[in-house]
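First up is the structure itself, then whatever we jot down about it.
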Amino acid sequence: DAMILTINPAATASAAADATICSGSNYTLAGTIGGGATSSLWTSSGTGAFDDAALLIAAYTPSAADITAGTVTLTITTTGACPSANDAMTLTLDKAAAANAGSNDVMCSGSSYTLSGTISGGASTSGWTTSGTGIFDDATLLTATYTPSAADTTTGSVTLILTTDDPAGVCPALSDAMTLTLDPAATADAG
């Protein structure tokens, strides 16, 4: 009797290049396997979730803890081949910007209005713009003062928009708006 010895090629795995995403986004992996490998499994150093860890192009959803940490290592490991092979990539999570222009409000025409915007996340600076033609004392301040123009008063309202800077990395700038209604000033005539 003859003995048949089958020699399978060594398994290979590639997790692809490191990547950066904006927090709050998912990441679609691009793993590859080869050699004697027929299947694989993704694992994470963090606590996020895979839609299906057995897919080479699995989607990874970072957890709040992953976002706080700022990075997570995602590793692909071959299964069904001896010995297994693995490869890792680092997913960097840039903090998304957040902006809040404040609640809609009403003011008497002929006066100025002090804004109360807030920014957070990856945003470090911001600026105000208006749908009208009034002026800001300093549009870069979160608590800028807006003085409506005569045209704003005639229109009866103005939209004030707070926009964050474009944070470093892949996260985009973010805007939020509030509506300032301008009530006409009361008049009296004793005649």
Taking the chain and counting helices only, DSSP H stretches of n ≥ 4 at -39,500 (n - 2.57) each over all residues, the nearest-500 ellipticity at 222 nm comes to -1500 deg cm²/dmol
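For the chain, go through all pairs of different Cα atoms, get the mean of 1/r, take its inverse, and jot down that Kirkwood value in Å.
With all distinct Cα pairs of the chain included, I get 20.8 Å.
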Volume per residue (Å³) of the convex hull spanned by the alpha carbons of segment 121-172 is 76 Å³
Cys in the chain lacking any partner Cβ under 4.7 Å -> 82, 108
Relative contact order as a percentage, segment 41-86, C-alpha pairs under 8 Å and 6+ apart, gives 39 percent
The local net charge around residue 164, scoring Lys/Arg +1 and Asp/Glu -1 for residues other than residue 164 whose Cβ lies under 15 Å from its Cβ, equals -3
Most fluctuating of 155, 20, 78 in the GNM of the chain (C-alpha, under 10 Å) is 155
With N residues in segment 1-49, Rg(alpha-carbon) / (2.2 N^0.38 Å) equals 1.80
Checking 80, 70, 117 against a Gaussian network model of the chain (alpha-carbon springs below 10 Å), the top fluctuating residue turns out to be 80
Per residue, accessible area of segment 1-132 with a 1.4 Å probe, heavy atoms of protein chains only, in Å², comes to 53 Å²
With bins of 10 Å, the percent of all Cα-Cα pairs of segment 79-151 per bin from 0 is 15, 34, 17, 9, 8, 7, 7, 3, 0
Computed about the Cα centre, the charge dipole of the chain from +1 Lys/Arg and -1 Asp/Glu charges at the Cβ has a magnitude in debye, to the nearest 20, of 360 debye
Between the alpha carbon centres of segment 90-107 and segment 1-26 the gap in Å comes to 40 Å
If the label point sits 7 Å along Cα→Cβ of residue 104, residues of segment 150-167 with amide N under 16 Å come out as 156-161
Heavy-atom accessible area of the chain with neighbours in place, 1.4 angstrom probe: carbon+sulfur share in percent works out to 55 percent
Lys and Arg at +1, Asp and Glu at -1: neighbours of residue 67 with Cβ under 13 Å from its Cβ sum to -1
For segment 119-191, the dipole about the Cα centre with charges only on Cβ (Lys and Arg +1, Asp and Glu -1), to the nearest 20 debye, works out at 100 debye
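The values are calculated or read from the model by the stated rules, or taken from the named source; none is laboratory data. Keep in mind the model is a prediction, meaning the values are calculated, not measured. Cβ coordinates were reconstructed from backbone atoms using ideal geometry, including for glycine residues, and neighbour counts include every protein chain displayed. Accessible surface areas use protein heavy atoms only, side chains included; no ligands, DNA or RNA. Shrake-Rupley method; radii C 1.70, N 1.55, O 1.52, S 1.80 Å.
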